[in-house]
Each structure stands twice: as structure tokens, then as C-alpha cells.
Amino acid sequence: MFGPRKSVQYVSAEYHALLARHRIVCSMSCKGNCWDNSIMERFWQRQYANHDEALRDISQYIVSFYNCARWHSTLDYLSPAAFEAKLAKKETI
């Protein structure tokens, strides 16, 4: 899939300068690792008719999958919604 030659684009100075111009913070787990962007590639590969269509699709992904279905290792392999529900039960007065 991605070899060292392809992943270098994510750590290049030109790439980081482009991100900085648009006030985007790059998130990567280690040098040359492009896998952190794999979820976003779902949206990069789709052509939206307009901003509203993109906003609806991305919002639906976050609400339906990312927050409710996708497990996070840092949350004891719970979804963010399940983790917050568990936390809320612990903190009741």
C-alpha cells in the first residue's frame, strides 16, 4: 500500500507550510506515518456537489460512526458516547 516514498509527502516542509497557511494542525503518531489520515481519505476521495453536502456527510460520519460505534483504545475500547455514559454514571451525586 503505502511505502516510504509515498508517506514522505506527509512530513515534507512544503506540506507543513500549506497546513500552517490554512491554520491546520497536523496530527501524526510518528515521523513518516500517514495512517493517521486514513479516516480522512474517505472524504478526500469523494467529490461533493457543495459545502452543505460535505457538511452533512461529515457530520453524519462523526455522529453515527465516530462518536457512537468506533472504539478508541485510549477510552478502554469504548466509543466516545459509551465512555461518556459510563463516566456520567460514576459521577452522579
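Residue 26 sits with roughly 40 Å² accessible to a 1.4 Å probe, with DNA, RNA and ligands left out of the calculation.
Spin-label model, residue 64/residue 13: points 7 Å from Cα along the beta carbon direction are separated by 4.4 nm.
The values are calculated or read from the model by the stated rules, or taken from the named source; none is laboratory data. These numbers were taken from a predicted model, which means no experiment stands behind them. With ideal geometry, Cβ positions are generated from the backbone for all residues, glycine too; neighbour counts draw on all protein chains shown. The area values use the complete protein model at the heavy-atom level, side chains included, leaving out ligands, DNA and RNA. Shrake-Rupley method; radii C 1.70, N 1.55, O 1.52, S 1.80 Å.
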